[in-house]
Amino acid sequence: MTNSPVKGVHLRLKDTESTDNLVRYIKEGLAPIGVNFMVLEFNPGYKFECFPELSEGTFGKEDAKKVGAAAKEAGIKIAPLIMCLGHQGWGSSPNKLLEVYPEFKETPDVKIGKKEPDKIAGKFINNTPHGEFYCHSWCASNDGVYKYVLPMIDEITTDLGTDMVHVGLDEVFSIAEDSCPNCTGKGKAELFARTVNILHDYIVKKQGWQMLMWGDRLNNAKECGYSDWDGDGLGMWRAIDMIPKDIVICDWHYDIIESGFPSVGVFMEKGFTVIPAAWRSLKQTKVFWDDAVKQVSDKNLGKLAGMMVTCWAEASAEYLDKLNTHVKAGLQDEENDDDRGIASSVVYMAKTVK
């Protein structure tokens with residue numbers, strides 16, 4: 001990670017038209033207030049040269065080099081985020097990986113446009129808590145997928161000139177499905193941990209890079225008092241004891257939870273370095289950071305790396321300019337949960353995290 005406390009932002013990129021606006025945001029907005037870390041998510045909106053048929057979006061090598069150079073000059077470390085395992089598309093429409101290579105689908109029975117009605121209130125349908133099929137996962141038992149995933153990770157990390165990779169792994173609901181001939185009967189925690197360990201073996205052990213991931217599937221939702229989105233209710237959380245401790249955990253929560261955010265302490269106590277991740281509510285960002293700091297003790301000293309503010313709207317040129325304007329103005333808006341709320345959280349984080 002960085003030598004100083006992490007003050008990070010997360011953005012989702014797809015199009016080359018945003019490149020110059022992102023460079024301007026880095027130079028004019030983020031660097032002057034001390035932001036030193038950036039997660040750039042490509043899901044998988046990147047113009048890949050290794051597998052052109054898997055490209056989505058127009059942001060490519062030259063854009064990555066330009067952004068990487070600007071970030072380096074500004075003292076900002078970048079971690080590209082490529083969604084692994086889950087979030088292989090939105091809804092029942094798969095991304096290019098599963099569209100071109102459908103043999104990697106965990107739920108081959110789900111067709112494009114298909115919805116699964118929740119006929120039993122409060123139950124999971126396709127392992128999803130809101131009653132519709134959420135999104136595809138790749139099959140955690142089919143190692144053929146890594147023939148494509150690992151070169152894609154290599155390309156984007158090299159193009160950005162960095163040595164850190166965020167592998168996503170959030171909101172996985174379709175895993176160990178009976179409809180998958182490879183995964184039926186297998187344990188969800190074991191399959192999840194297997195995926196994490198395969199990625200870790202390549203990214204950390206082989207390439208020598210830093211690996212980051214979202215932490216929600218490792219949170220015991222019931223014990224922590226979380227929802228089935230920022231915590232796990234399917235038993236995957238047990239994988240927390242099956243994966244290496246040198247993975248940096250980005251523990252996201254977006255609502256104010258009166259009882260606190262105990263997962264931050266759990267991760268630190270188990271030996272992980274953790275970055276709490278907030279979103280678009282300045283009020284929640286303040287509560288979240290205050291609670292995280294209270295969980296630091298002599299036993300886990302140094303494990304709270306800092307904080308990150310996420311942004312789930314696509315980082316279009318116009319949107320980046322809005323964020324830049326608000327950040328430069330030092331906005332502190334507690335009433336809005338749009339671009340103003342995100343920028344306000346970024347400003348607060350940059351001033352408060354020490």
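Count neighbours as other Cβ atoms within 10 Å of each site's Cβ, and list the chymotrypsin sites (Phe, Trp or Tyr not before Pro) in region 186-225 that are DSSP loop with at most 13 such neighbours. Could you put the intermediate results ahead of the total?
On the way: sites: PHE192, TYR202, TRP209, TRP214; in loops: TRP209.
Sparse-neighbourhood loop chymotrypsin sites (Phe, Trp or Tyr not before Pro): none present.
Karplus-derived 3J(HN,Hα) values for region 317-331, using 6.51 cos²θ - 1.76 cosθ + 1.60 with θ = phi - 60°, are 4, 5, 5, 4, 5, 5, 4, 4, 4, 5, 5, 4, 7, x, 4 Hz; glycine and proline are entered as x.
Coupling constants for region 300-306 follow from the phi torsions by the Karplus curve (6.51 cos²θ - 1.76 cosθ + 1.60, θ = phi - 60°), and in residue order they are 10, 4, x, 8, 8, 6, x Hz; glycine and proline get x. Relative to the compact-globule estimate of 2.2 N^0.38 Å, the Cα radius of gyration of region 6-352 comes out at 0.95. Compute the separation of the alpha-carbon centres of region 1-20 and region 167-206 and state it in Å as a whole number. Cα centres, region 1-20 to region 167-206: 27 Å. Inter-label distance, SER179 to GLU28: 4.8 nm, where each label sits 7 Å from its Cα along the C-beta direction.
With the simple spin-label model, which puts each label point 7 Å out from Cα in the Cβ direction, the LYS270 to GLU223 separation comes to 0.8 nm. Taking the chain, the Cys residues with no second Cys beta-carbon under 4.7 angstrom are CYS50, CYS84, CYS135, CYS139, CYS224, CYS250, CYS311. Between the listed residues CYS224, VAL204, ASN95, the Cα displaced farthest toward the positive end of the dipole of region 6-352, a dipole computed from Cβ unit charges relative to the Cα centre, is found at VAL204. Region 52-69 and region 302-348 have Cα centres spaced 24 Å apart.
Remark on VAL39: its backbone amide H falls under 5 Å from those of VAL9, HIS10, LEU11, ALA79, a criterion applied only to residues 5 or more positions apart or on other chains, H modelled at 1.01 Å from N. Under 5 Å between amide hydrogens, built in the peptide plane, is the criterion, and for ASP232 it picks out ASN219, ASN220, ALA221 among residues at least 5 positions away or on other chains. Within the chain, the longest run free of exposed loop sites, counting GluC sites (Glu not before Pro) that sit outside DSSP helix and strand states (H, G, I, E, B) and have at most 13 other Cβ atoms within 10 Å, spans 50-257. Remark: the GLU334-GLU258 segment gains 25.6 nm on full extension, using 0.36 nm per residue and subtracting the alpha carbon distance. A simple spin-label model places pseudo-atoms 7 Å from Cα toward Cβ; at THR158 and GLU17 they are separated by 3.1 nm.
For n ≥ 4 DSSP H runs only, could you compute -39500 (n - 2.57) per run for the chain, divide by its residues and tell me the 222 nm figure to the nearest 500? Let's see the in-between values first.
On the way: 10 runs with 103 residues, N = 354.
After summing the helix terms and dividing by the residues of the chain, the value is -8500 deg cm²/dmol.
I need the trypsin sites (Lys or Arg not before Pro) found in region 235-317, filtered to DSSP loop residues with at most 16 other beta carbons within 10 Å of theirs.
Values: sites: ARG238, LYS245, LYS270, ARG280, LYS283, LYS286, LYS294, LYS299, LYS303; in loops: LYS245, LYS270, ARG280, LYS299, LYS303.
For trypsin sites (Lys or Arg not before Pro) across region 235-317 that sit outside H, G, I, E and B with at most 16 neighbouring Cβ atoms in 10 Å, the list reads LYS245, LYS270, LYS299.
One Cα centroid belongs to region 84-98, the other to region 218-285; the line between them spans 24 Å. With 0.36 nm allotted per residue and the present C-alpha distance subtracted, the GLU53-ALA317 stretch has 92.5 nm of extension available.
No lab work stands behind these numbers, since they all come straight from the coordinates. Bear in mind that the values here come from a model prediction, so they are computed numbers and not experimental data. Neighbour counts run over all protein chains shown; Cβ positions are idealised from the backbone, glycine included.
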